[in-house]
Amino acid sequence: MNYIVFDLEWNQSAYGRSGEHPRIPFEIIEIGAVKVDENYNIVSEFSSLIRPRIYRKLHPSIRAMLNYDEEDLKKGKPFKEACQEFLDWCGEDYMFCTWGASDLYYLQSNMDFYYMTKLDFPLKFYNLQQIFADLYDSEHNICKLEKAVEMLNIKSDEPFHAAINDARYTARVMAEIKPMDIADRYSYDIYRHPRTKADEIIAYHAGYMEHISTEFSSKHEAMEDKEITMIRCCKCKKKTSKKIKWFQTSQNTYMAVGKCWYHGNMMAKIKIKSAGGSDDNIFVIKKIIPADKKTVENIRKKQEDIREKRKQKRQSKSSVES
């Protein structure tokens, strides 16, 4: 099996929301990729500029990053042609690798715009940005590619923000960290989500549990679902006892803590995602990971702070009304 390490550059409306196409807010203008073998050696490269069809004028912030301009893009290939060449170049047996999850998401949205054949579902890939954070930062902080290259003392002899260069740098980071358990460190792409209960994704890998649900009509319906709110140990898969009940940390995020009597505390987080249809349906991504004592204390403090802020807000509203 080969690893396809790829990077994209994309453009958006230079005129803000008024000039945005609803089906393609971000239009790909460059694909760069390297094919990496099982020993993390680069064995082949792919690079293509794409002639834009929707946003022919570069957004100012994007123009400032790139090493080419509108005149160069006019010489590019149509997206559908370039994308098909890229997919053909990938071959048969491979896994996508990206720095972050955005590239794979926008690749599929552009493919959908041109009614191309969809990628497999569910789609596994390696998020090398997250893998790097897990291996090199105790707080699992996400960093930019430039920072990872600097931290690993990788020679940066080509400018960043050119798709082929960023693909090469990402491959070099991958070769440098050589995660021995990479087969277990996959992520699931969420451009497409489960449409039925039978298609739901429940996986135990890389030391955590991941559940990607089918659609719900509302956040309330999702949080009433016992399987969604159940916290299982990510090691033995047994149901845990409640330690900190589910509480809302932001508009679309919930947290809780359960305790497995064999493997200790488990931190659970739920993120609510829009299903993207006209009916305002949502789906849920739940992750459960082991939590040490300090992490549990921080979560409990966060819960108390949120409660106090809500209490103060209610009191303030009550005094104004009276």
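The values are calculated or read from the model by the stated rules, or taken from the named source; none is laboratory data. Predicted model, so just to flag it, every value in this text is computed and none were measured. Note that we place each Cβ from the backbone using ideal geometry, even for glycine, and neighbour counts take in every protein chain shown.
Figures for the structure shown
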| item | result |
| --- | --- |
| Residue 62 being of a type in the set (A, V, I, L, M) and in contact with a Pro (Cβ under 7 Å, 6 or more places away or on another chain) | no |
| Filter result for residue 177 (more than 30 Å from residue 63 (Cβ to Cβ) and assigned by TED's automatic domain parsing to the domain that holds residue 274) | no |
| Hey, residue 51 without any contact (Cβ under 8 Å) to a residue 24 or more places away in the chain and more than 28 Å from residue 178 (Cα to Cα) or not | no |
| Candidates 87, 73, 58, filtered to the one that is closer than 21 Å to residue 117 by Cα, in the same structural domain as residue 163 (by TED's automatic domain parsing) and aliphatic (A, V, I, L, M) | 87 |
| Among the candidates 8, 73, 58, residue that is within 24 Å of residue 132 (Cα to Cα), among the aliphatic types (A, V, I, L, M) and in contact (Cβ under 8 Å) with a residue 24 or more places away in the chain | 8 |
| Selection within the range 105-144 - surrounded by fewer than 16 Cβ atoms within 10 Å (Cβ to Cβ) and of a type in the set (Gly, Ala, Ser) | 138 |
| One residue from 28, 4 being buried (at least 18 other Cβ atoms within 10 Å of the Cβ), among the β-branched types (Val, Ile, Thr) and either more than 26 Å from residue 124 (Cα to Cα) or touching a Leu at 6+ places or on another chain (Cβ under 6 Å) (or both) | 28 |
| For residue 126: the one exception among (1) in contact with a Lys or Arg (Cβ under 8 Å, 6 or more places away or on another chain); (2) part of a helix (DSSP H, G or I); (3) farther than 20 Å from residue 11 by Cα | (2) |
| Search result, residues across the range 277-302 that are crowded, with 17+ Cβ neighbours inside 10 Å and either assigned to a helix (DSSP H, G or I) or touching a helix residue (DSSP H, G or I) at 6+ places or on another chain (Cβ under 6 Å) (or both) | 284, 296, 299 |
| Residue match in the range 257-276 (condition: more than 20 Å from the chain's Cα centre (by Cα), in a loop (DSSP other than H, G, I, E, B), at positive phi and not assigned by TED's automatic domain parsing to the domain that holds residue 23) | no |
| Flag for residue 88 being touching a residue at least 24 places away in the same chain (Cβ under 8 Å) and among the acidic types (Asp, Glu) | no |
